[in-house]
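Report on the following structure.
Computed from the coordinates by the stated procedures, all read-outs in this text should not be read as laboratory data. Predicted model only: the values in this text are computed from it and were never measured. Glycine gets a Cβ as well: all are built from the backbone with ideal geometry, and neighbour counts include every protein chain shown.
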Amino acid sequence: MENQYNSYHQPIGYAVRKWSKRDYPTKALLEGIYCRLEKIDPVRHLEALYQVYGPESSSKNWTYLPLEPFENKTVFATYLETISQSQDPFHYAIIDKSSGKALGTLALMRTNLDQGTIEVGFVIYSDQLKKTRIATEAQYLLACYAIDDLGYRRYEWKCDALNEPSRKAALRLGFTFEGIFRNALVYKERNRDTAWFSIIDSEWADRKERLESWLDSSNFTAEGKQKRRLNEC
């Protein structure tokens, strides 16, 4: 959309009419073809997610996360209880529909209700989930909820600027790289420069169509192998 000009011939942003404050995420179930997102349940999801968050998880999975793997199931149960009650972030478990097992988590967070911005974060995948169509569909379902259902104008992805897999994932999913905030955070006794990515509402329809084309069952063999890569859709 093009900028406009005021009476002083100064360029100003395009009009946003009838804007209203957005709502917090509250939906407990987001249903897809291959997976569903369930609001974190500290009892139902405990055993499966302890395999993702616990001592059996790969230590390299935690390099760019603010958490460390949980060595104690009781402590982890308390953590799940806490995040299950959180409004922001609003946490989901990613459930494989074929097995019914939770394979990871993600969350909607840093919501700005007045301005209509929201971020996907706490993306923690098991090795079993990584690079699968379930992982892609989980991101698709969350974006649909944030942009289509809740009406947010800006959907964000942020990560450590040195986290190359996360940066590649954002671009693959259709996020636009916006730049790096230097010295943005201190975590794990080290500096973090933060890479910023976003999808805005005016470009979501194109991104959504691309994701739906890739996720369509016709794009996969009987063994679940993709026929076309997402960047080919």
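Compared with the alpha-carbon gap, the fully stretched path from residue 213 to residue 20 is longer by 66.3 nm at 0.36 nm per residue. If you take the Cα centroid of the range 70-128 and the Cα centroid of the range 207-233, the two points sit 26 Å apart.
Take every DSSP beta bridge whose two residues both sit in the range 24-232; close to 90 percent of them are antiparallel. Length gained on full extension, residue 232 to residue 39: 66.2 nm, using 0.36 nm per residue less the C-alpha separation. The length gained by stretching the chain between residue 200 and residue 177 to full extension, at 0.36 nm per residue less their Cα-Cα distance, is 7.1 nm. Place a point 7 Å from the Cα of residue 31 along the Cα-to-Cβ direction; which residues of the range 72-93 have their backbone N under 18 Å from it? Answer for this model: 93. Hydrodynamic radius of the range 24-232 by the Kirkwood approach over all distinct alpha-carbon pairs: 17.7 Å. FRET efficiency for the residue 74 to residue 112 pair, using the beta carbon distance and R₀ = 45 Å, is estimated at 0.80.
Remark: spin-label model distance residue 85-residue 185 equals 2.4 nm, labels positioned 7 Å along the Cα→Cβ axis. Dipole check for the range 24-232: with +1 at the C-beta of Lys and Arg, -1 at the C-beta of Asp and Glu, and the Cα centre as origin, the magnitude is about 500 Debye. Using the Cβ-Cβ distance between residue 168 and residue 8 with R0 set to 41 Å, the FRET efficiency works out to roughly 0.40. For the range 142-233, trypsin sites (Lys or Arg not before Pro) are listed when DSSP marks them as loop and at most 14 other Cβ atoms sit within 10 Å of their Cβ; the list is 188, 225, 227, 228, 229. Listed by chain and number, the aspartates and glutamates whose alpha-carbon sits under 18 Å from that of residue 130, ignoring those within fewer than 8 places in the same chain, are 56, 96, 164, 223. Mean residue ellipticity at 222 nm, helices only, the chain: -7500 deg cm²/dmol; runs of at least 4 DSSP H residues each add -39,500 (n - 2.57), and the sum is divided by the number of residues. Remark: the range 83-181 carries a charge dipole of roughly 340 debye about the Cα centre, counting +1 on each Lys and Arg Cβ and -1 on each Asp and Glu Cβ. Among 87, 200, 213, whose Cα lies farthest out toward the positive end of the dipole of the range 24-232, if unit charges sit on the beta carbon of Lys, Arg (+1) and Asp, Glu (-1)? About the Cα centre, the residue reaching furthest to the positive side is 213.
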